[in-house]
Structures are given as structure tokens and as C-alpha cells.
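J.: Let me give you the structure first, and then I'll get to my questions.
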Amino acid sequence: MKNIYKILFVGLVVALLWSCEKNDDFATANNLTAPTLKASKDNVVLLQAQDADEAVTFSYTNATYSVNVVPTYELEFAVAGTNFKNSKSVGVDSNKKVFTVKDLNTLVSGIVPQEVATKCDVRLNSILGNNVVSSQPIAVTITTYKPNPDNVYPKIYVPGNYAGASGYIDWTPTNGGSPNLFSPKKNDVYYGFVFMNNAEPEFKFTYAEKGWDDNKGDTAKPNTFATLKANGENIQPTTGAGTYYIKVDWTGNTYSIKKMDMGIIGDATPQGWDSDVKLNFNKTTHKFEITMALEGGKPFKFRNDSSWGVKIQPTGKDDQELASGAEYATYVSSEGTVSDDASYKVATTGTYKIELDLHNSANYTIKVTKQ
């Protein structure tokens, strides 16, 4: 038993000595020279069409220390003159870092305004334990782009016999031939609004860009309006032409469909809260539009089929004033993105063109433009 205690004691002493040795390395690792940094260009304009191209290359020399240690390195970005208060960093592990257009846009979009040339400070940090040694900042002007949400979120197609009369191409599942349903949570659940300008619409679902190779329809005819299967039956709503709200669980093979014709209502409209004014679908822009009088300072919102079950409105509790010609995000109450019951307003009375873009459930937008 005594021998066991001796062995444990010796092991503890060795561990303590090793730990002290490592701590001594950090304690005696005096920095001798700071890292240096340079960029291949000082003005970078990022374009989504060039996502995979090289945007800029940062090259650097490492910091030196008085003992043989291996620090970690990161590049840090911030708006110029902010002393790196609100910064974004990315780890690097060689003597240069090549950014693609997409990677740089993703990194800095949270700290710089989109589509505005912004002077940024960039520095290289050498990190050893709790000690950070930084290079002198260099200035790089970066112009980011606003990512097209149609290319960011997964989507399925809804080809059918209604498409040609609705501004697309009948039974064409790719290359813009049919509307999409998007998955805002990127979880293979797709939903959104589809306008069907056909008294007897028929359609199916196809996945990504695979065309008819990966399509799903109803499990039965007449339809169940609930379950899907590969190469299933055409889906045939019995409620005629109009706007449909469709939800598809692709992996769960379920779907739902509901006719949902949105109208505008509120004190700002000539009808007040008494009745809705239906919106029209523009087959060229694929937006829901109407031009009408709005009274300044008074509320309006959108609802489905003269009912309050589904509303389109701001996300929070406060009414939102819309500036003429500006585009704003808007939200559908039934999707769980609305926390209260706010409305929209315009500042001045006049005739306005109102545009609701509902083609992408990850990016519904509203714009009002004074005529």
C-alpha cells in the first residue's frame, strides 16, 4: 500500500512540474516583434455574381517570441476609426489568407452597411494564452452586396397548368418556369404564396434543380390534400383560381393547401375597417399590387379573405411608418414571426402604389410609393 502512495505522489509531482514548465513558457515568452500585415488591394467591391472568385489576399509575417511557442492568429475587421469596438474575426493558420467574394461578404456584412463603400481597419492578432499582440492596422475599403435570398434559402418548385397564365411557363419546373416555395429555417419544410390564374389548377412539387427526376404529388385521386409520394397524382384544388398558401414537409411527405386572397384594410383606406380592398397580382413583377388613396398617420394592414386569422403586418408591437419608395420586410402572422398586432402608416395623405412581394417566405417585403 505504501508503494502505491509513493507512485501516486511521484505522478503528482511530475504533473505539477510539467504544468509549471508550461506556465513558465508562457510567462517567459516575451514578445520581440509584432506581426505585420498587408493586403493585395485596398479597395474591394464585392458582387454576388462573382461569389466564388478571389476578393482579396492578406499576407503577413508572424510575431516572434523569446521562447519556442506556437501562438494562434486571427484577422480582425472593423469600421475605420472605431478602435475595433464592433469587430469580426476569422482564424488563420498560414502566412496568407485568401478570401473569396462570398466569404468576405459573409464575414463583414454584420458590421458594415450593405452596398455602401466603407473604409475598414484590418489587423492581425497573435494570441498566446491571455496575451494578444496586434499588427498595425491597415485600411481596406469594402463594398458588400445584399445577398439575393432566392439564392440563400433552399427551395422547391411548383410546376403546373396554371403557370403560363400566372407569368411563368406551364409545367416547367426549372429556370424560372414556375414559382418556388422556400424553406426559411433550412429544415426541408417549404411554404409560401402561389398565385394560380386558372379555374381548374393542377400542379406537383419538384426538388431543387432536378426537374421531374425528383417530383412528388398526392397519394390519391381525388386528392387527400395531406400526403405526398414520389411521382404521385397531380394536385387539383377545387376552389378555382386565386392565391394559395401551400406548406410542404418534403421529408415527412405531407402538405397542406389553403386559398388565401389578401386584401388591405384600415383607417388609412377609404373603406376604413369595414371592408377589404383586394390586391391584384402583377404577372410581370410577380408582386401583389394596388394603387389607392391612403390617409397619412392612420393605420392599415393586410388580411386574408376578410378574416383576421392571417394578417400581413410589422413584426413588433409598434406601428411602422413607411417612407415612400423604400422597401421593408413584412411578416405573416400565422408563421410565428409576429409578436403583436402592429399596423403600417404613411406620413402624408395621397395616392400610393402598394406592392407586396410574397414570392419568398424567407423575405416578404412591402413598398409604398407616393404617386
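The values are calculated or read from the model by the stated rules, or taken from the named source; none is laboratory data. It should be emphasised that the depicted structure is a prediction, and the values quoted were computed from it without experimental measurement. Cβ: placed from backbone, ideal geometry, glycine included. Neighbour counts: every protein chain shown. Heavy atoms of the whole protein, side chains included, go into the accessibility calculation; ligands, DNA and RNA do not. Shrake-Rupley method; radii C 1.70, N 1.55, O 1.52, S 1.80 Å.
J.: Could you list all residues from the range 301-329 that are touching a Ser or Thr at 6+ places or on another chain (Cβ under 7 Å), open to solvent by 40 Å² or more (accessible area, probe 1.4 Å) and hydrophobic (A, V, I, L, M, F, W, C)?
T.: Ala329 - this is the single residue of the range 301-329 that is touching a Ser or Thr at 6+ places or on another chain (Cβ under 7 Å), open to solvent by 40 Å² or more (accessible area, probe 1.4 Å) and hydrophobic (A, V, I, L, M, F, W, C).
J.: Something else about it: Hey, among Glu233, Glu202, which residue is farther than 22 Å from Gly167 by Cβ, in contact (Cβ under 8 Å) with a residue 12 or more places away in the chain and open to solvent by 40 Å² or more (accessible area, probe 1.4 Å)?
T.: Every option except Glu233 fails the conditions.
J.: Name the residues in the range 89-110 that are among the small types (Gly, Ala, Ser) and part of a strand (DSSP E or B), would you?
T.: Ser89, Gly91
J.: Turning to a different aspect of this structure: Criterion first (modelled with pLDDT of 95 or more, over 18 Å from Val101 (Cα atoms) and crowded, with 18+ Cβ neighbours inside 10 Å) does Leu75 satisfy it?
T.: no
J.: When you scan the range 142-172, how many residues do you find that are assigned to a helix (DSSP H, G or I) and of a type in the set (Ser, Thr, Tyr)?
T.: The qualifying residues number 1.
J.: Okay, moving on. How about the range 49-71: which of its residues are open to solvent by 50 Å² or more (accessible area, probe 1.4 Å) and more than 22 Å from Lys119 (Cβ to Cβ)?
T.: Hits for the range 49-71 are Ala49, Ala52, Asp53, Thr61, Asn62, Thr64, Ser66, Asn68, Val70.
J.: For Lys298, indicate whether it is among the basic types (Lys, Arg) and loosely packed, with under 15 Cβ neighbours inside 10 Å.
T.: So Lys298 does not fit the description; no.
J.: Taking interchain pairs and intrachain pairs at least six residues apart, which have beta carbon atoms under 9 angstrom, with the first residue in the range 118-129 and within 16 Å of Asp42 (Cβ to Cβ) and polar (S, T, N, Q) and the second at pLDDT 95 or above and surrounded by fewer than 17 Cβ atoms within 10 Å (Cβ to Cβ)?
T.: Thr118/Ala80; Thr118/Thr141
J.: Another question about this same structure. Given the criterion open to solvent by less than 10 Å² (accessible area, probe 1.4 Å) and either in contact with a Lys or Arg (Cβ under 9 Å, 6 or more places away or on another chain) or not charged (D, E, K, R) (or both), identify the matching residue among Val158, Val132.
T.: Selected residue: Val158, the only one of Val158, Val132 that is open to solvent by less than 10 Å² (accessible area, probe 1.4 Å) and either in contact with a Lys or Arg (Cβ under 9 Å, 6 or more places away or on another chain) or not charged (D, E, K, R) (or both).
J.: Taking the condition of being farther than 23 Å from Gly192 by Cα, part of a strand (DSSP E or B) and among the hydroxyl-bearing types (Ser, Thr, Tyr), how many residues in the range 309-363 meet it?
T.: Residues meeting the conditions: 2.
J.: Among all residue pairs at least 6 apart or on different chains, which show Cβ distances below 9 Å where the first residue, located in the range 251-265, is farther than 12 Å from Ile312 by Cα and the second is at pLDDT below 95 and among the aliphatic types (A, V, I, L, M)?
T.: If the second residue must be at pLDDT below 95 and among the aliphatic types (A, V, I, L, M), no pairs are left.
J.: Tell me which of these Ile246 doesn't satisfy, since it passes every other one: (1) in a loop (DSSP other than H, G, I, E, B); (2) under 18 Å from Ala163 (Cα atoms); (3) of a type in the set (A, V, I, L, M, F, W, C).
T.: (1)
J.: So which residues in the range 339-371 are of a type outside the set (D, E, K, R), under 24 Å from the mean Cα position of the chain (by Cα) and surrounded by fewer than 14 Cβ atoms within 10 Å (Cβ to Cβ), if there are any at all?
T.: Within the range 339-371, just Ser339 meets the criteria.
J.: Take Lys85 and tell me if it is at pLDDT below 95, surrounded by fewer than 18 Cβ atoms within 10 Å (Cβ to Cβ) and among the charged types (D, E, K, R).
T.: Answer is yes for this residue.
J.: Return only the number of the condition from (1) open to solvent by less than 20 Å² (accessible area, probe 1.4 Å); (2) touching a Phe, Trp or Tyr at 6+ places or on another chain (Cβ under 6 Å) that Lys247 does not satisfy.
T.: (1) is the only condition that Lys247 fails.
J.: Counting residues that are modelled with pLDDT of 95 or more and over 28 Å from the mean Cα position of the chain (by Cα), which strands (runs of 3 or more DSSP E) fully inside the range 173-241 reach at least 1?
T.: Output list reads 215-218, 228-230.
J.: Does the range 111-119 contain at least one residue that is crowded, with 16+ Cβ neighbours inside 10 Å and in a strand (DSSP E or B)?
T.: Looking through the range 111-119, at least one residue is crowded, with 16+ Cβ neighbours inside 10 Å and in a strand (DSSP E or B).
J.: Find the residue count for the range 82-122, including only residues that are closer than 16 Å to Pro137 by Cα and of a type in the set (Ser, Thr, Tyr).
T.: 4
J.: Test Lys298 against the stated conditions and say whether it is touching a Ser or Thr at 6+ places or on another chain (Cβ under 7 Å) and either of a type in the set (Lys, Arg) or within 22 Å of Lys259 (Cβ to Cβ) (or both).
T.: The answer is no for Lys298.
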